[in-house]
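Quick notes on the structure that follows.
Just so it is clear, none of the values below were taken in a lab; they were calculated from the coordinates. Keep in mind the model is a prediction, meaning the values are calculated, not measured. Glycine also receives a Cβ, built like all others from the backbone with ideal geometry; neighbour counts cover every protein chain displayed.
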Amino acid sequence: MKEKREGGIEAPTRHAIDWQSPDFYDRDKLNAELERVFDVCHGCRRCVSLCDSFPTLFDLIDESETMEVDGVDKKDYQKVADQCYLCDMCYMTKCPYVPPHEWR
Ligand code: SF4
Ligand code: SF4
């Protein structure tokens with residue numbers, strides 16, 4: 001039986017972005033996926049020092065009424081994405097939840 005283990009110490013598995021699917025351009029589906037991912041990051045916060053995306057997200061959460069991701073206005077999601085300069089550090093070096101982890 002294959003040993004089950006946390007990710008994060010080996011190169012993560014890359015999955016091609018399905019950019020030709022109509023779902024890729026569906027704003028509601030994008031926001032649902034962002035909410036899911038933001039909630040994983042909120043529960044972890046390991047990447048807070050890597051770039052401004054993470055402090056932006058965590059401030060939005062901490063200053064919201066619920067202090068959870070559901071308290072953040074979806075219009076503000078773009079503020080988090082705008083701070084990402086695609087350095088890949090979170091994906092390649094920090095995150096224990098990258099594929100093959102089920103949270104992806
Ligand atoms: S890819 Fe780099 S800039 Fe973008 S969220 Fe990750 S650590 Fe921040
Ligand atoms: S380690 Fe992963 S889940 Fe944790 S804050 Fe970074 S990207 Fe988010």
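Based on C-alpha pairs under 8 angstrom that are at least 6 apart in sequence, the stretch 22-94 has a relative contact order of 32 percent. Taking trypsin sites (Lys or Arg not before Pro) across the stretch 42-90, the ones in a DSSP loop with at most 15 further Cβ atoms lying within 10 angstrom of their Cβ are Arg45, Arg46.
Could you give the size of the charge dipole of the chain about its Cα centre, using +1 on the Cβ of each K and R and -1 on the Cβ of each D and E, expressed in debye and rounded to the nearest 20? Intermediate results must be reported in sequence, preceding the final value.
Numbers: 14 positive and 22 negative charges, 113 e Å.
Dipole size: approximately 540 debye.
Each listed q (0.12, 0.16, 0.19, 0.22 Å⁻¹) maps to a log10 I(q)/I(0) for the chain, found by the Debye formula over equal Cα scatterers with no solvent: -0.45, -0.79, -1.08, -1.34.
Note the count of lysine pairs whose C-alpha atoms are less than 19 angstrom apart in the chain, limited to pairs 8 or more residues apart or on different chains.
Values: Lys4/Lys94; Lys29/Lys74; Lys29/Lys75; Lys29/Lys79.
Taking the chain as the scope, the lysine pair count is 4.
The angle between the Cα long axis of helix 53-62 and the longest principal axis of the Cα atoms of the chain comes to about 50 degrees, rounded to the nearest 10. Relative to the longest principal axis of the Cα atoms of the chain, the long axis of helix 27-42 lies at roughly 70 degrees.
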